[in-house]
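Undergrad: Below is one structure. I have some questions about it.
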Amino acid sequence: MTDAGAKLERVASRVLSQLPDGVTGDVRIHDESWTTMRFANGQVHQPHVERSRSASLRAVRDHRIATATTTDTTPEGLARLVREAVALASIAPVDHRVGPFPAGGRVVAAKFSDATARMRPEEVGRMAARALDAAGATDLGRRVSGAVHVGTQTLAVANTSGRSVSETRTSSESSVLAEEPGRDPPVSGWAEEAHWDARQLDTARLGREALARMPSGTLRSAKPGTYRVLLSGAAAAELIGFLGHLGFSGHGEEEGWSCLKSRRGRRAFPKAVSLVDDGRSVEALPAGFDEEGTAKRRTSLIDEGVVGGPATDLVTAGHLGTKLTGHALPPESPFGEWGPVHTSLVFGAGDVPESELPSVVRDGLLITRFHYVRVVHPSRGVITGMTRDGTYRIRNGEVAEPVRNLRFTHSVVEALHDLEGWSRERRRYADEHGLSCVTAPALVIKKFQFTSATVF
């Protein structure tokens, strides 16, 4: 427990002490500090430093459950929070299936980077400058944009069953887009990465990668159809993330739209496929417990191709009659509608260097990343989206000419069922505030359906 965590636990305890007789509950106190450096047109153009504290109280009264939130953490603001949560619980629908809050006991905090927590905005600005320089932002006709996010979150969770836990978490993420908008059609290249220790986030390397992925030759057209594809890490992480949501969501299991519900305990993927959710792992963005204070642990989702169970939180575990898995998001909107979900997905490493994967493909397409991906049919795992920022033809086992972007419509279940190989190297991909992370290799998929083509 850090000093900051201990202070937040005391705040949480004071909130719970104000609950009236007959009301149980749990409270979350978030104390966050984020520095964001957005850059475009060769310079950092939008530096942003954010400091915030918020509280979320969930109250249960006569089997009625409701949540209230506030950013006013003064004594008066927290007293008002209690009144609002209790009042809402008095009129909420009755739900007899919601289980008890996790009982008392300590949870071991996860690893974090003290250097990241102490990082000054000027240092984050220098990280952004290194990305700009490496991507050739000053070159004539070049446009480089992107962002660097570095932040710290201290979270305390306490409940009326005696659980009181806290920890500090750190996260950093950067993305770089290199473009030449004056070409006809315009071309672009992309790179991104995340890490819990900002000192390990090499923004200069990301700048070089984005520049290297930007097509230099003339874009050719590719007809819609089924291709063997090599998905770079960013595209692979998108696919794995959607599998996590559509296949292992507690809501999907309860409501019947999970694309893997009928496959639990069965082999649905190649035997070598391993996918875990491991919140404590340094291969992800470490977190010791979820938003209900339940300890994180290594959870097998796909073991030798066999499908495991869904994520749960207090509500879904009660409805499904299962145990808490440590995957609760904050109960308030919009997180309550999303969760519970796996937020620390780690795909097992392959045995082939990424540089050799084009030879596995032999003839097909290289996809740098996907853009604007949306769900088409959740129970079948079908999603749709566009290729973006570096799509290439692979011919005779080598990356050949760049091609125009394509729209895909394909099932994530079928895609991972058709895996032919994946890279030894893996990388973390996360949202800008580190809420969720996918650690992914590059993937080779035997059949991937593209339904239309573009003119760019």
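The values are calculated or read from the model by the stated rules, or taken from the named source; none is laboratory data. Worth saying up front: this structure is predicted, and the values here are computed from it rather than measured. Every residue, glycine among them, receives a Cβ derived from its backbone with ideal geometry; neighbour counts consider all protein chains shown.
Undergrad: Only residues that are at pLDDT 95 or above and surrounded by fewer than 12 Cβ atoms within 10 Å (Cβ to Cβ): list them for region 88-113, please.
TA: Listed by number, the residues that qualify are ILE91, PRO93, VAL94.
Undergrad: Something else about it: Given the options ARG213, ARG266, ARG280, name the one that is over 23 Å from ARG374 (Cα atoms), charged (D, E, K, R) and outside the structural domain of GLY364 (by TED's automatic domain parsing).
TA: ARG213
Undergrad: Looking only at region 140-162, which residues are touching a strand residue (DSSP E or B) at 6+ places or on another chain (Cβ under 9 Å), surrounded by fewer than 21 Cβ atoms within 10 Å (Cβ to Cβ) and either assigned by TED's automatic domain parsing to the domain that holds ASP31 or not in a strand (DSSP E or B) (or both)?
TA: GLY141, ARG142, THR160, SER161, GLY162
Undergrad: Among the residues that make up region 46-55, is at least one of them at pLDDT 95 or above and crowded, with 19+ Cβ neighbours inside 10 Å?
TA: yes
Undergrad: Could you tell me which residue of region 307-324 is farthest from PHE248 (Cα to Cα), considering only residues that are in a loop (DSSP other than H, G, I, E, B) and hydrophobic (A, V, I, L, M, F, W, C)?
TA: For region 307-324, the residue satisfying everything is LEU324.
Undergrad: Also, I was wondering about something else. Inspect all residues belonging to region 294-301 and state whether any of them is on the phi > 0 side of the Ramachandran plot and surrounded by fewer than 22 Cβ atoms within 10 Å (Cβ to Cβ).
TA: no
Undergrad: Quick one: how many residues across region 299-326 are within 13 Å of ASP277 (Cα to Cα) and out of contact with any strand residue (DSSP E or B) (no Cβ under 7 Å at 6 or more places or on another chain)?
TA: So the count comes out to 3.
Undergrad: Also, quick follow-up: Looking for something farther than 23 Å from HIS48 by Cα, small (Gly, Ala, Ser), surrounded by fewer than 21 Cβ atoms within 10 Å (Cβ to Cβ) and touching a residue at least 40 places away in the same chain (Cβ under 8 Å) - is there at least one such residue anywhere in region 119-131?
TA: no
Undergrad: While we're looking at this one, here's another question. Are any residues in region 163-203 of a type in the set (Phe, Trp, Tyr) and either farther than 30 Å from SER13 by Cβ or assigned to a strand (DSSP E or B) (or both), and if so, which ones?
TA: If the condition is that a residue be of a type in the set (Phe, Trp, Tyr) and either farther than 30 Å from SER13 by Cβ or assigned to a strand (DSSP E or B) (or both), then TRP190 is the only one that fits.
Undergrad: Here's something else I'd like to know. Within the bounds of region 396-415, is there any residue that is at pLDDT 95 or above, in contact with an Asp or Glu (Cβ under 9 Å, 6 or more places away or on another chain), assigned by TED's automatic domain parsing to the domain that holds ALA236 and of a type in the set (Lys, Arg)?
TA: no
Undergrad: Then there is this: Suppose we filter region 1-49 for residues that are in contact (Cβ under 8 Å) with a residue 40 or more places away in the chain and either outside any strand (DSSP E or B) or closer than 30 Å to LEU132 by Cα (or both); how many remain?
TA: The total comes to 32.
Undergrad: Show me the strands (runs of 3 or more DSSP E) entirely contained within region 332-433 in which 1 or more residues are free of Cβ contacts under 8 Å to residues at least 60 places away in the same chain and either on the phi < 0 side of the Ramachandran plot or not aromatic (Phe, Trp, Tyr) (or both).
TA: 364-377, 382-395, 398-402, 406-411
Undergrad: Mind listing just one residue for me: the one in region 227-267 that is in a strand (DSSP E or B) and farther than 28 Å from THR391 by Cα and, of those, farthest from the chain's Cα centre (by Cα)?
TA: So, considering only residues that are in a strand (DSSP E or B) and farther than 28 Å from THR391 by Cα, the one farthest from the chain's Cα centre (by Cα) is ARG267.
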